[in-house]
Amino acid sequence: MYKDLKHTPDDGDMAFTQALHEMPGVSKPEDTVRLPRIRRKPPIAPEAAVDGILAGDRVALARAITLVESRAPAHRAAAAAVLRGCLPHSGKSIRVGITGVPGAGKSTFIEHFGRLLCDAGHKLAVLAVDPTSAISGGSVLGDKTRMEKLANHPNAFIRPSPAGGALGGVAAKTREAMLLCEAAGFDIILIETVGVGQSETSVRTMTDFFLLLQIAGAGDELQGIKKGVIEMSDAIVVTKADGANLPRAKVAAGEYGRILHYLTPHTPGWTPVALTCSALENEGLGGIWDLIQNFCVKLRREGTFEGRRRDQNTQWFHALLREAVLARFFETPAVRDMLPAVEASVADGKLPVIEALRRLFPEESPV
């Protein structure tokens with residue numbers, strides 16, 4: 001085969017020539033392969049982003065989310081300016097977090113549930129989080145493909161984002177993306193978590209209603225006894241309640257209902273319930289939306305809705321504060337100089353971890 005693939009500029013026609021170096025026993029092709037030059041668009045200007053978002057421009061919204069998600073230090077000021085301009089226009093949506101076990105049909109549920117909402121005249125934004133490979137660092141980001149009909153609906157906007165190492169089932173900038181979608185006029189925000197187990201709880205700190213999707217016959221009923229994602233749920237929906245699986249789904253919903261009865265509700269004054277639905281047959285979806293609406297009306301009437309939003313803003317602030325302090329710590333020259341040697345000593349078993357921390361955090365250090 002060929003090795004040492006190199007890209008060299010062509011004679012000005014905006015293309016590259018890929019020079020293939022011949023290995024012994026392999027003939028070199030007569031013609032070179034011409035590859036197009038990839039031109040990256042510059043980040044959107046903050047003023048243009050804010051104006052476009054407020055006008056409902058989805059291209060501007062998508063580019064603004066990309067800017068906010070960027071980890072490049074050069075983009076921080078621009079991202080902050082976009083968020084500052086959109087913040088006064090946010091906060092008017094109903095925020096719903098959706099998580100569930102693998103195979104529960106989160107994408108199928110969201111597509112059919114979302115189409116129900118869009119057909120009723122709502123503007124729906126779906127922020128879907130895909131797992132990031134621990135090996136390559138890449139993500140599939142295939143939610144638009146899985147939700148093809150919803151993605152083509154004029155009232156829907158779907159934004160897949162990689163988890164990127166963020167814990168709790170959400171992406172690092174899900175909160176920021178949610179605020180931008182609200183400023184663009186979307187009145188319902190669905191946040192689909194990675195959904196890999198019982199740790200998908202960060203979405204609870206940024207949504208109004210937390211919906212857990214489960215399936216029947218997988219042994220998950222007993223997991224409800226454990227403290228975790230189930231006790232944070234405002235409702236549990238057993239999916240795929242159709243055909244031969246319908247009786248099992250009803251039994252599972254009954255089991256979850258009994259479990260919820262013994263758990264302290266996460267939302268004061270609200271009693272979580274367990275329901276069934278079939279997304280493919282559009283059964284039970286309307287009841288779920290009615291439940292969410294009743295939930296929001298009840299919390300607003302009792303004055304706890306805005307209080308929860310205030311608490312979530314405070315939690316968001318503290319999360320970003322911890323992130324900033326950690327970043328500042330690693331940017332400290334003394335830490336940068338000392339860290340490689342300390343890491344090597346810990347890895348070799350020559351230095352206890354506690355002693356390593358003491359070296360990085362001397363008593364006189366203000367950190």
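FYI, it's all coordinate maths here, none of it is from the lab. Owing to the predicted nature of the structure, the values given are computational and were not obtained by experimental measurement. Cβ sites come from the backbone with ideal geometry, for glycine too, and all protein chains shown count toward neighbours.
Here are a few things to note about the model shown:
- Taking the Cα atoms of region 272-328, the ratio Rg/Rh between the radius of gyration and the Kirkwood radius comes to 1.24.
- Cα gyration tensor, region 67-120 - rounded (a/c under 1.5), prolate or oblate: oblate
- Gained length - Ala319 relative to Ala151, 0.36 nm times residue gap less alpha-carbon distance: 57.3 nm
- Highest to lowest packing among 186-193, 149-156, scored as the average C-beta count within 10 Å: 186-193, 149-156
- Cross-link pairs exceeding 22 Å between alpha carbons, from the set Lys149/Lys173; Lys41/Lys92; Lys92/Lys298; Lys106/Lys240; Lys41/Lys106: Lys149/Lys173; Lys41/Lys92; Lys41/Lys106.
- Each of Thr264, Thr99, Thr174 was scored by other Cβ atoms within 10 Å of its Cβ. Listed from fewest to most, they are Thr264, Thr174, Thr99.
- With a Förster radius of 56 Å applied to the beta-carbon distance between Arg359 and Lys92, the computed FRET efficiency rounds to 0.65.
- Shape category assigned to region 40-86 from the gyration tensor of Cα positions, a/c cut at 1.5: oblate
- Stokes-Einstein diffusion coefficient of region 199-351, Kirkwood radius over Cα pairs, 25 °C, 0.890 mPa s, in µm²/s: 132 µm²/s
- Report note on the peptides 202-212, 44-54: ranked by the mean count of other C-beta atoms within 10 Å, highest first, their order is 202-212, 44-54.
- Euclidean distance of C-alpha centroids, region 266-307 and region 53-126, integer Å: 21 Å
- For region 312-360, a Kirkwood hydrodynamic radius built from all Cα pairs, placed in the Stokes-Einstein relation at 25 °C and 0.890 mPa s, yields a translational diffusion coefficient of 199 µm²/s.
- Inter-label distance for Ala347 and Ala120, nm, one decimal - labels placed 7 Å from Cα along Cα-to-Cβ: 5.5 nm
- Inter-site label distance for Phe330 and Thr271 at 7 Å from Cα along Cβ, in nm: 4.8 nm
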